Amino acid sequence: MTTRTVTRPQVDPAVAALLRADLMAMEDSIDVAFTQAANFAGSLASIRNKAKVSAIFGQEVFEGAAAALTRLSEARRDTVALHKQLSVLERRAGIATTMDGPWDKGPVPPGGG
C-alpha cells in the first residue's frame, strides 16, 4: 500500500479577496442590469396603455425585453454558482472565507432594515 501526501495549493489570501471582490461587483452589475431591464419592460406596458394602442403593437419589443430578463436571470444563477465554486476552492486552499452583505449579519428586519 502506498501513501500519498496531499498538499494544499499556496494561495495568497489577498488574491482570493480580490477575486471575491470582483465576483461581488459582477453580481451587483447583473442586479443593476436586471432592475433596469425590468423597469424598461414595465415602462413598455405603461406607455402602450397610456397611448391606447393595441397589444399587438410592439409585441416583438415586449418579447425582446422578456428574453433579456431571462438571460440576465440565467447570468445571475451562473454567478451564484461561481460563488459556490470559489468557496470550495478557497476551502481547499485553506483560506477562511467571509461574506459581505446583510446575510452574514443575522436576520434582516422586516422592511429590509
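In the stretch 75-85, the condition of being modelled with pLDDT of 90 or more, over 17 Å from R20 (Cα atoms) and surrounded by fewer than 11 Cβ atoms within 10 Å (Cβ to Cβ) is met by no residue. Please work out if R48 is surrounded by 13 or more Cβ atoms within 10 Å (Cβ to Cβ), of a type in the set (K, R) and under 30 Å from Q85 (Cα atoms). The answer is no for R48. Being of a type in the set (F, W, Y), in a helix (DSSP H, G or I) and out of contact with any Pro (no Cβ under 9 Å at 6 or more places or on another chain) holds for only one residue in F57, F34, and it is F34. What about E27, is it free of Cβ contacts under 8 Å to residues at least 12 places away in the same chain and not aromatic (F, W, Y)? Against the criterion (free of Cβ contacts under 8 Å to residues at least 12 places away in the same chain and not aromatic (F, W, Y)), E27 does not qualify.
Looking only at residues of the stretch 25-45 that are surrounded by fewer than 16 Cβ atoms within 10 Å (Cβ to Cβ) and β-branched (V, I, T), we find that the one that is farthest from the chain's Cα centre (by Cα) is T35.
The values are calculated or read from the model by the stated rules, or taken from the named source; none is laboratory data. What you see is a predicted model; the values in this text were computed from it and never measured. Every residue, glycine among them, receives a Cβ derived from its backbone with ideal geometry; neighbour counts consider all protein chains shown.
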